[in-house]
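The values are calculated or read from the model by the stated rules, or taken from the named source; none is laboratory data. Remember, it's a predicted structure, so these values are computed and weren't measured experimentally. Counting neighbours? That spans all protein chains shown, and the Cβs are built from the backbone with ideal geometry, glycine included. SASA here: full protein model, heavy atoms, side chains in, ligands and nucleic acids out. Shrake-Rupley method; radii C 1.70, N 1.55, O 1.52, S 1.80 Å.
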Amino acid sequence: MKCMFCRIGETCFGHQTVTFEQGDLVIVIRAVPAQICEACGEPYFDQATTKRLEQLAEDSAHEASSNVLVREFCAA
Ligand SMILES: [Zn+2]
């Protein structure tokens, strides 16, 4: 699809690293499936992925034992 952000690039399937910040805690989720703009790099996540990301971030917030947590994206 056409990128809605830059309106120049086309998106193609790839993997993106997503970072959440919750207070002092930084949660990094790697290898998240996304449509990524080849021009500006803007990632687009589908609804299921977005929901799963929120869930992972929430779970991670409880598990975290340091200020930075890095984990791989995994489907539900
Ligand atoms: Zn773009």
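Laid out as a table, the results:
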| quantity | calculated |
| --- | --- |
| Of the trypsin sites (Lys or Arg not before Pro) in the chain, those whose Cβ has at most 11 other Cβ within 10 Å and which sit in DSSP loop | Arg7 |
| For the chain, share of DSSP beta bridges that run antiparallel, in % to the nearest 5 | 75 |
| Solvent-accessible surface ranking, highest first, for Thr49, Thr17 at 1.4 angstrom | Thr17, Thr49 |
| Isolated Cys residues of the chain, judged by Cβ distance under 4.7 Å to other cysteines | Cys12, Cys74 |
| Heavy-atom accessible area per residue - the chain, 1.4 Å, Å² | 67 |
| Carbon and sulfur %, accessible surface of the chain computed with the full protein complex present, 1.4 Å | 50 |
| Residue-wise HN-Hα coupling along the stretch 7-12, computed from phi with Karplus coefficients 6.51, -1.76, 1.60 (Hz; x: Gly, Pro) | 6, 10, x, 9, 8, 9 |
| GluC sites (Glu not before Pro) lying in DSSP loop within the stretch 21-62, provided at most 16 other Cβ fall within 10 Å | Glu38 |
| With Cα atoms, 0 to 90° folded angle of helix 47-63 axis to the chain main axis | 20 |
